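Take a look at the structure set out below.
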């Protein structure tokens, strides 16, 4: 009797064993799978590029600060570069609007190229010399003049269609000179790069242009209503140089801010780009 009683007991124990093994198996599988899934999901995800907010007030504030800290050297450079236009006025040939406009465009482009180096070095924390600014800016004089002429023709062609397309194209090429100088691009590549950097920011750039234009209007109003002929001539010459200088500084600051926004890079990375430019 004892043997018959033990046999069923052993059978019952053997029958109960498999369910226990099955009950323990699923948690082990889940424990092995659950830590692997997050690792596989997170592995392919690339790190996002850092973004920087673009602020019109920040750009204008930075441009005013840079202008204040470099007022004398930048103004002297602007006056020297504006000298051909001043001489044209003195010669009485200012009625030739086309010649005067071409001279102003070229001198402003050169001013922007020269000031771009000073702006970037200033934001980098160093005070560049006037000689270094001239050397770096004029090292790219050929590409700067070429890209200025081509972009101006494009702006003029768009203006013939209507004024607004001309403004849009002008804002599209707002940073074309710093792009040419800093990144060493050709005409076609510089135009595409400037269009890429300014995409989606034309409203902000229009406000900056409006502020710079308001300076020019204020200078002209003072010359017309507050000064005599001789004093007005000097005032217009110096005031025009100042307006051109500030706009060049603003263009340099805008370029730096757009590089931060689009490329996620810092000022030292932009500053190192000038190492390749020969003095």
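Number of residues in the range 195-212 that are in a helix (DSSP H, G or I) and in contact (Cβ under 8 Å) with a residue 24 or more places away in the chain: the value is 12.
Does residue 171 satisfy the criteria of being modelled with pLDDT of 90 or more and under 12 Å from the mean Cα position of the chain (by Cα)? Criteria not met by residue 171. Counting the residues of the range 51-69 that are surrounded by 11 or more Cβ atoms within 10 Å (Cβ to Cβ) and modelled with pLDDT under 85 gives 3.
So that you can scan it fast, the table gives a plain yes or no per residue for (1) assigned to a helix (DSSP H, G or I); (2) free of Cβ contacts under 8 Å to residues at least 24 places away in the same chain; (3) surrounded by 18 or more Cβ atoms within 10 Å (Cβ to Cβ):
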residue	(1), (2), (3)
169	yes, yes, yes
214	yes, yes, no
227	no, yes, no
251	yes, no, yes
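Out of 139, 154, I need the residue that is touching a residue at least 24 places away in the same chain (Cβ under 8 Å), out of contact with any helix residue (DSSP H, G or I) (no Cβ under 7 Å at 6 or more places or on another chain) and more than 21 Å from residue 75 (Cβ to Cβ). Which one? If you could, list the steps in order and put the result at the bottom.
Numbers: 154 fails: out of contact with any helix residue (DSSP H, G or I) (no Cβ under 7 Å at 6 or more places or on another chain).
Only one candidate qualifies: 139.
Pick out the one residue from 189, 214, 223 that is more than 20 Å from residue 81 (Cα to Cα) and under 20 Å from the mean Cα position of the chain (by Cα). Answer to the check: 189.
Does residue 190 count as under 19 Å from residue 251 (Cα atoms), in contact with a helix residue (DSSP H, G or I) (Cβ under 8 Å, 6 or more places away or on another chain) and assigned to a helix (DSSP H, G or I)? Talk me through it step by step, then tell me what you get.
Details: under 19 Å from residue 251 (Cα atoms): yes; in contact with a helix residue (DSSP H, G or I) (Cβ under 8 Å, 6 or more places away or on another chain): yes; assigned to a helix (DSSP H, G or I): yes.
Taking the combined requirement at face value, the residue satisfies it.
Given the criteria surrounded by 13 or more Cβ atoms within 10 Å (Cβ to Cβ) and either modelled with pLDDT under 85 or not in a helix (DSSP H, G or I) (or both), does residue 89 qualify? Spelling it out, residue 89 is indeed surrounded by 13 or more Cβ atoms within 10 Å (Cβ to Cβ) and either modelled with pLDDT under 85 or not in a helix (DSSP H, G or I) (or both).
The values are calculated or read from the model by the stated rules, or taken from the named source; none is laboratory data. Bear in mind that the values here come from a model prediction, so they are computed numbers and not experimental data. Virtual Cβ from ideal backbone geometry, glycine too; neighbours counted across all protein chains shown.
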